[in-house]
Amino acid sequence: MSRFEKIFGTIPSVEAAAPGRVNLIGEHTDYNGGFVLPMPIPRTCRVQLRIRGDDRVRVSSANQGGDMREYRLGSEKPLGDWLDYIQGCTALLSRQGQSLTGFDAFIASDVPLGGGLSSSAALDVALLRALRAAFRLPLSDLDLARLGQRIENEFVGARVGIMDPLVASLGRPGFALFVDTRELTWRQIPIPEQAEFVILDSGVRHRHSAGDYNTRRSECEQACRDLGVSQLRELGREDLSRIESLPDPLRRRARHVVTENDRVLQAVSALEAGDLHRLGRLFDESHASQRDDYEVSVPEIETLIALAHDEPGVIGRRLTGGGFGGSIVLLTIAGRGQELGQRIAEAYSRRAKGVSLPARTQITPLVVGRSA
């Protein structure tokens, strides 16, 4: 008997899934109208669902102890926990005029929660896919991504950009998704056969709805007002002298975004040319900018980065995701990633004494490449 049957006493009628993602480069650029280069990872959120004949929504999550939570459609109210993603989904669909009844849903995810790999966007898109199938909603994959962003922005309280739900909805295994977030255009960039990316979780959890992330976005908006532009995307490297006139920390925040946009464009060129060493240099430059200009790194992340620098087989290394914890991503030659990642993970386990890593499972390397 499945978990769904045990909890709800019946079988699901719909199943849907969506992947987590690793952002190869382009951090904190999406909500500034810039460029990003994420790719899906072989970790997913899965949703089983069955329509009810009333207005009750009953949800259970394997990742939250399996207890059933319940609310009525039309009574959605933020509670500050995981149920807000479900409530936000039904509230926004109702505002759009989509016709829903109640439903039972079971959620299970192997995307690390708070690990900088977009577990929340995977949940948003998986649930929206399940509801689209169950209720035959006329929504495109792009519609789902936009709704996923709105759930986080308007209901959860995290002022995230479009990148995470977009790659959860549109990403293809073995390809990076190059996105222009201002124009909402994208194209798939194949990962070179000779490249592997290794993801290592620091064990430091973060929440995008917490203050630091939203503060960074507010600082970018203030920099735009001071510079007389609507988005930092409007500025390029030729405008760095103007940016230097801003007071700190606005100067450094804007400098990161402008230089990071340029690095994304260079990274796309490097990927297409199979130039891994150039891509590795861009990874390292991006990390330094996140650490020094955007100030989203933490000591545990820096420990991982330092250990990665000690491994000559690592070509590039950087913090991935929103920061304030989460994961790093390494660039290696195909076939070397597991070995290198395991050595770094073991060294980190010995050194990171103050980090809570239940059963040490969160520092198992995740290797992603062309065949992922």
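Rounded to the nearest 20 debye, what is the charge dipole size of the range 196-247 about its Cα centre when +1 sits on each Lys and Arg Cβ and -1 on each Asp and Glu Cβ?
That gives the range 196-247 a dipole magnitude of about 200 debye.
Which of 92, 283, 368 sits farthest toward the positive end of the charge dipole of the chain, with +1 on the Cβ of Lys and Arg and -1 on the Cβ of Asp and Glu?
92
Over the range 3-187, with a single point scatterer placed on each C-alpha, what log10 of the ratio I(q)/I(0) does the Debye formula yield at q = 0.11, 0.15 1/Å?
Once normalised to I(0) and log-transformed, intensities are -0.44, -0.82.
At 25 °C and a viscosity of 0.890 mPa s, what translational diffusion coefficient does Stokes-Einstein give for the chain, taking Rh as the Kirkwood radius over Cα pairs? Give it in µm²/s as a whole number.
Estimated via Stokes-Einstein, D reaches 117 µm²/s.
Could you work out the helix-only [θ] at 222 nm for the chain, with each DSSP H run of four or more residues adding -39,500 (n - 2.57) and the total divided by the number of residues, to the nearest 500 deg cm²/dmol?
Per the formula, -12000 deg cm²/dmol.
Mind listing the long-range amide H neighbours of residue 29? Cut-off is under 5 Å, sequence gap 5 or more, other chains count too, H placed in the peptide plane at 1.01 Å from N.
none
When a footprinting reagent is the concern and you count Cβ atoms within 10 Å, what order do 333, 191 take, fewest first?
Going from sparsest to densest Cβ surroundings: 333, 191.
Ranked highest first by the average count of other Cβ atoms within 10 Å around their residues, in what order do 111-117, 336-342 fall?
111-117, 336-342
Just to check I understand the Karplus step: with θ = phi - 60° and J = 6.51 cos²θ - 1.76 cosθ + 1.60, what whole-Hz values come out for the range 273-278, glycine and proline as x?
Whole-Hz 3J(HN,Hα) from phi for the range 273-278: 8, x, 8, 5, 5, 5.
Using modelled amide H (1.01 Å from N, peptide plane; none on Pro or chain starts), what sits under 5 Å from the amide H of residue 117, excluding residues fewer than 5 places away?
none
Starting from the amide H of residue 36, placed 1.01 Å from N in the peptide plane, find each other amide H under 5 Å away whose residue is 5 or more places distant or on another chain.
It is 179, 181, by chain and number.
Give me 324, 135 ranked fewest to most by other Cβ atoms within 10 Å of their Cβ, as a rough exposure proxy.
135, 324
Once both axes come from the Cα atoms, what is the angle between helix 211-227 and the longest principal axis of the chain, in degrees from 0 to 90, rounded to 10?
Orientation of helix 211-227: about 60 degrees from the principal axis.
Return the distance in nm (one decimal) between the two label points of a simple spin-label model at residue 110 and residue 338, each offset 7 Å from Cα along Cα→Cβ.
Each label point lies 7 Å from its Cα, and together they span 1.4 nm.
Sorted by packing (mean other beta-carbon atoms within 10 Å per residue), highest first, where do 265-277, 23-35, 118-130 land?
The most tightly packed comes first, giving 118-130, 23-35, 265-277.
Using alpha-carbon positions, what is the distance between the centroids of the range 303-351 and the range 256-284, in Å?
Each part's Cα centre sits 18 Å from the other's.
Please list 3J(HN,Hα) in residue order for the range 246-253, calculated via the Karplus relation 6.51 cos²θ - 1.76 cosθ + 1.60 where θ = phi - 60°; whole Hz, with x for glycine and proline.
Residue by residue, the range 246-253 yields 6, x, 6, x, 4, 4, 6, 4 Hz.
Give, to the nearest whole percent, the P(r) tail of the range 192-369 beyond 20 angstrom, counting all Cα pairs.
56 percent
Using only Cα atoms, find the angle between the long axis of helix 299-309 and the longest principal axis of the chain, and express it within 0 to 90 degrees, rounded to the nearest 10.
Taking Cα atoms only, the helix is inclined about 60 degrees.
Readers should treat all values here as calculations from the given coordinates under stated rules, not as data from a laboratory. Fair warning: this is a prediction, and the values are worked out from it, not measured in the lab. All Cβ positions, even for glycine, are placed from backbone atoms using ideal geometry, and neighbour counts span all protein chains on display.
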